[in-house]
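Peer 1: My structure is below; once you've seen it, I'll send some questions.
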Amino acid sequence: MGKAQKKKAASRHRHNPIRVPDSHLAPGLAAASASAASAKRDAILPIMQKLESSEAADRAWACAAVSNLINNDPSTRRLLQGKNVVGVLITRLSDAVDEVVVEAAGALRNLAIDGGFEICGEMYNKHILDPLKGLIPKISSAFSTYLESSTTPTGAQAEALSFVFQLAENVVTLFWCLSEISTKALNAINNIGLIPFLIALIENRSKFPAKLVVAAAQCMFVLTDDNAPAVTALHGNPAALSKLLSIAQSSNTDITFVSGGSVEHINSLRVLACGILKNVSPLPKSSSIAEVDLNRTVILPLFVPLLGVDITSAANTAYTIASKPTDPIPPELRHTPKSDHRTADDKELERIETQLLTVQLCLEILTGICASLPDMDLELDIDKDGKNRQTTDDDDLDGDADPTNSTPTSLLHLLTLPLLALSRPTPTLSFPPPALPSVHPPTTSVLGAIHVRALECLNNLFVGVRERVLVTEGDDEEMGGRKKEERSAPGFTNLFGAGQERRAEMWAVAVGVLWGLARMARGTLVPNEEQIKILVALCDAAQDDKIRVQCIGTLGCLAQYQSEAPKGSYEANLTITKYLLHILMSGTGASPPLTAGPTPNTTSAVFGTEPILQAASSLVDIFADENSAYDANFRVAKVLKGMSDSIRGARKLVKSIGGSTKGANARGSGAEGAKALKGWADGVVGDLAGFVEYRRNVGR
């Protein structure tokens, strides 16, 4: 598996609290019980009517009601979409009454967060940028007056300023969400010229609420991601670059806000400052901070402690809170504009979510850093005490390695354990139940993203270290202990079903990491029955040939254990051999051989060309040495006959690969991926024919 590159803005895991994918749930009222459906229908109609009311109080009430109704409720959101709530709310952004504008912006913000790209696309198509663009000068003017004033606002002035703070946060968040949906939308936002406005919010952070400043930093992070106009705008402001570095290097006590300055918000701002600086790197040589080693002196010292969060404890707390019965909001306060009915539990859920989102952001930035590291040839010897001994081609250095040195070997030591901990799903909230929503979708969404990002980062680290790892018996037992935790994992029957997209994504990345590890430790990992069952089950259940190739490749590496065979390793090799031989022979039209010993693994799954040829390649690797301890299985499973009978069919498979092959494979996508696949497949068939001839000649 190649390195996972930092994804484009339009396809990344979003950093705002989006919902778990809910495409598997019935739309509209079909998702609700009869009584709930009736209640929702009764609530929707008066809200839509009051959005068009001539009374400003009614319009503001209706906007606030939309925000409350859609909270983690996809069925109601879709029902409102069907009533053109997006178009009506966009119209309200130009309302003559400020209170209505603030509430409409808040409702649109919540719709964008809850509905993701689909609703953001609808907003863009209905020209939301026009009224949003018109709000920026009004907000800027109000803030300029506020910043220039030497007195603290009180009374009506303070209330009016609070309205502007709310409006600014909603507008900035909308720009942030909209900039991720398409290149066309991003270009339109570039033309608005938001960067100076966002810089002003961040530079004057002590005068603004924490949520507004963090939203501005988040918006700037998205805008500067592979987006030349925004990068150029920041390069032209050396003072802003220095301010961002200062924020990243500050202690938590040095950063203050006018309100809401929790540790979680401060950490988010510092991490975002690092992300923005990485996005605009390399920095202009004229900048005073151009020579700063961001990775070593800024990012790693900040990120590594943040990665130590106990996500299982956080998930358990969120699950307990979200599972409690909720007290209804008093009727006189329900849907009231400007009201905050959040309980202590609600605020704790928000704190946990902010903390986890910061960890997710750290992982995204680290994934990009690890993807850009140079590959290094490394032999890593892990002894029984858990101490790592490394040898590189130009090693022989004295002294201890700097733990913040951003080389593949140092990062391997520094990040592997925290990344492994973050990649492990929690028992409660990592994934929603099949065909049901999570009890707290925002936490489930961010946990799933954390698992995937941690695995992608691990993959990039392991790809950067290309040679094998020498694993001792003690460490193998520890790895086996970790595998035991997976035995309670659910089967793969529903893994690729609706609503389980994040779980499937995590497994897809995880098996790539496993293959990378297995190749590094080829011949030293002791296979066990449970590992083989998991990989076989995933391989059979997967619909993606890339995942199947990785499963088959990992199995092939596990089968190559070369030390004195412990109990069960001979049988494990035979089990893997029969499974791979079955894939090869059934895929090439050869008749499976009659074998002695345990019944061969069989599968009704239909495999594509690439997995079939990967099975052939793995079998060649497994039995390349006729003197191996497990070579007796070559004769027991009648591998020579099976591989010989498969050559003709394998050649036909190679001929079927054309330059117009659609879709992605383990070697790439599009025409280039097909070309790489064809070259690899030609080599595999050549190796297959040569291997059969060689084993016939040695007579074993």
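Peer 1: Could you run through the stretch 604-635 and say how many residues are closer than 16 Å to ASP544 by Cβ and of a type in the set (Val, Ile, Thr)?
Peer 2: 3
Peer 1: Conditions first: (1) of a type in the set (S, T, N, Q); (2) in a helix (DSSP H, G or I); (3) modelled with pLDDT under 95. SER268 passes all but one, so which condition is the exception?
Peer 2: Exception for SER268: condition (3).
Peer 1: Right, something else. What are the pairs, 6+ residues apart or on separate chains, where a residue within the stretch 569-587 that is buried (at least 24 other Cβ atoms within 10 Å of the Cβ) has its Cβ under 9 Å from a residue that is of a type in the set (Ser, Thr, Tyr) and part of a helix (DSSP H, G or I)?
Peer 2: Pairs that qualify, where the first residue is buried (at least 24 other Cβ atoms within 10 Å of the Cβ) and the partner is of a type in the set (Ser, Thr, Tyr) and part of a helix (DSSP H, G or I), are ILE576/SER618; LEU580/SER618; LEU581/SER646; LEU584/SER646.
Peer 1: Output the residues belonging to the stretch 106-127 that are more than 21 Å from the chain's Cα centre (by Cα) and not in a helix (DSSP H, G or I).
Peer 2: Once the filter is applied, which keeps residues that are more than 21 Å from the chain's Cα centre (by Cα) and not in a helix (DSSP H, G or I), the stretch 106-127 yields LYS126, HIS127.
Peer 1: Output the number of residues of the stretch 198-238 satisfying the condition of being part of a loop (DSSP other than H, G, I, E, B) and among the hydrophobic types (A, V, I, L, M, F, W, C).
Peer 2: Here the count works out to 1.
Peer 1: Considering each residue of the stretch 285-304, count those that are surrounded by 14 or more Cβ atoms within 10 Å (Cβ to Cβ) and assigned to a loop (DSSP other than H, G, I, E, B), and give that number.
Peer 2: 3
Peer 1: Something else about it: Scan ALA158, ALA168 and give me the residue that is of a type in the set (A, V, I, L, M) and without any contact (Cβ under 8 Å) to a residue 40 or more places away in the chain.
Peer 2: On the way: ALA168 fails: without any contact (Cβ under 8 Å) to a residue 40 or more places away in the chain.
Every option except ALA158 fails the conditions.
Peer 1: Condition check: in a helix (DSSP H, G or I), in the same structural domain as ASN279 (by TED's automatic domain parsing) and at pLDDT 95 or above. Does ALA156 satisfy that?
Peer 2: In short, no.
Peer 1: Any chance the stretch 392-404 includes a residue that's at pLDDT 80 or above, among the small types (Gly, Ala, Ser) and not assigned by TED's automatic domain parsing to the domain that holds LEU349?
Peer 2: No, that holds for no residue.
Peer 1: Just checking, how many residues over the stretch 651-700 are at pLDDT 90 or above, over 18 Å from GLN614 (Cα atoms) and touching a helix residue (DSSP H, G or I) at 6+ places or on another chain (Cβ under 9 Å)?
Peer 2: 2
Peer 1: Being outside any loop (DSSP other than H, G, I, E, B), at pLDDT below 90, surrounded by 24 or more Cβ atoms within 10 Å (Cβ to Cβ) and more than 15 Å from the chain's Cα centre (by Cα), is that true of even one residue in the stretch 442-449?
Peer 2: no
Peer 1: Give the residues of the stretch 601-632 that are in a helix (DSSP H, G or I), touching a Ser or Thr at 6+ places or on another chain (Cβ under 9 Å) and surrounded by fewer than 24 Cβ atoms within 10 Å (Cβ to Cβ), sorted by residue number.
Peer 2: Once the filter is applied, which keeps residues that are in a helix (DSSP H, G or I), touching a Ser or Thr at 6+ places or on another chain (Cβ under 9 Å) and surrounded by fewer than 24 Cβ atoms within 10 Å (Cβ to Cβ), the stretch 601-632 yields only THR609.
Peer 1: For the stretch 473-531, enumerate the residues that are under 17 Å from THR554 (Cβ atoms), of a type in the set (Lys, Arg) and at pLDDT 50 or above.
Peer 2: Hits for the stretch 473-531 are ARG519, ARG522.
The values are calculated or read from the model by the stated rules, or taken from the named source; none is laboratory data. Worth saying up front: this structure is predicted, and the values here are computed from it rather than measured. In this analysis, Cβ positions are derived from the backbone assuming ideal geometry, glycine residues included, and neighbour counts consider all displayed protein chains.
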